[in-house]
Amino acid sequence: MTCSGKQRVVASIGGMTLPTRPIIAPSILAANYAALGEDIAKVDNAGWIHVDIMDGHFVPNLSFGPDVTKAVNGVTDQILDVHLMIEEPEKWVDEYIAAGADCVIFHVEATDNPRALIEALKSKGVRAGFSVKPGTPIEDYLDLVDIADLVLIMSVEPGFGGQKFMPDMLDKVRTVREYIDEKGLPALIEIDGGVGEGTITKAAEAGCDAFVAGSAVFGKDDPHAAVDKLKELATL
Ligand code: DX5
Ligand code: ZN
């Protein structure tokens, strides 16, 4: 957290210019947990590291928690993009912020007051993101885009890596892109689930700024080269 390079990049999230676009956010859900530090070091060209937190309630799977997040933060200067797939996220955000999260993303389906949580996160000095599951209409939450730093559109049902990309979710991306552009808002659009060489260009064309990729990075023999390739395919 004290690395000046990291602070500089963090400061630009949600800003009008982001020199590192397109942003690839490798999801460590698909990494080798017995060699997590080594896998993270392989993708030092990404810019962000996506940390998927699953509680076995909001989604039917368990992943890791604040201790692993802290350990990840200790081995990288990249932005930690922490995706909370948990019930009652407001009860846990402080732990993830203390663990080194730079951007905290929660699900609107998991809380009664998403607006208050975005405001709380921003007041705590981290970037605030919200996410919608595939069945959740984005139209119901567009007003949150005014205050959020990031909108995460799920292109699979959250809970597991390696699922098939849902192309219909690109309509949501287009809706948010139009809203952001019309109002001149600084929020970034990120997409998560099934993003890979065959899908990333379409997501970029629909208006995404950031792309989570798990199996399309850590499932490859050369994750570093996979990140470069995804960046190239997302550069329009
Ligand atoms: C799914 C997670 C994703 C997952 C993506 O619930 O939020 O971040 O790791 O994995 P891939 O890229 O393999 O679909
Ligand atoms: Zn995720």
Looking only at the stretch 190-231, which residues are of a type outside the set (A, V, I, L, M, F, W, C), within 15 Å of Gly47 (Cβ to Cβ) and either assigned to a loop (DSSP other than H, G, I, E, B) or within 15 Å of ligand 2 (Cβ to nearest atom) (or both)?
-> Glu190, Asp209
When the stretch 64-93 is examined, which residues are found to be within 17 Å of Ala128 (Cα to Cα) and more than 16 Å from ligand 1 (Cβ to nearest atom)?
-> Glu88, Glu90, Lys91, Trp92, Val93
With Val126, Val173 as the choices, which residue is among the β-branched types (Val, Ile, Thr), touching a residue at least 12 places away in the same chain (Cβ under 8 Å) and away from ligand 2 (no atom under 16 Å from the Cβ)?
-> Val126
Tell me, please, whether a residue that is touching a Phe, Trp or Tyr at 6+ places or on another chain (Cβ under 7 Å) and within 9 Å of ligand 1 (Cβ to nearest atom) can be found in the stretch 27-39.
-> yes
Please find, among Val72, Val59, the residue that is part of a helix (DSSP H, G or I) and either modelled with pLDDT of 95 or more or more than 15 Å from ligand 2 (Cβ to nearest atom) (or both).
-> Val72
Test Val156 against the stated conditions and say whether it is of a type in the set (A, V, I, L, M, F, W, C) and either assigned to a helix (DSSP H, G or I) or more than 15 Å from His107 (Cα to Cα) (or both).
-> no
How many residues does the stretch 192-214 hold that are within 12 Å of ligand 1 (Cβ to nearest atom) and of a type in the set (Asp, Glu)?
-> 2
Sole miss for Leu117 among (1) part of a loop (DSSP other than H, G, I, E, B); (2) more than 24 Å from Ala30 (Cα to Cα) is condition (1)
Can you tell me which residue within the stretch 151-169, out of those that are of a type in the set (Val, Ile, Thr) and within 23 Å of Arg115 (Cα to Cα), is surrounded by the most Cβ atoms within 10 Å (Cβ to Cβ)?
-> Val151
Options Ala116, Ala110, Ala120: the member that is buried (at least 20 other Cβ atoms within 10 Å of the Cβ) and either aliphatic (A, V, I, L, M) or more than 16 Å from ligand 1 (Cβ to nearest atom) (or both) | Ala110
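The values are calculated or read from the model by the stated rules, or taken from the named source; none is laboratory data. This one's a predicted model, so the numbers in the text were calculated from it and none came from an experiment. All Cβ positions, glycine included, derive from the backbone under ideal geometry; neighbour counts span all protein chains shown.
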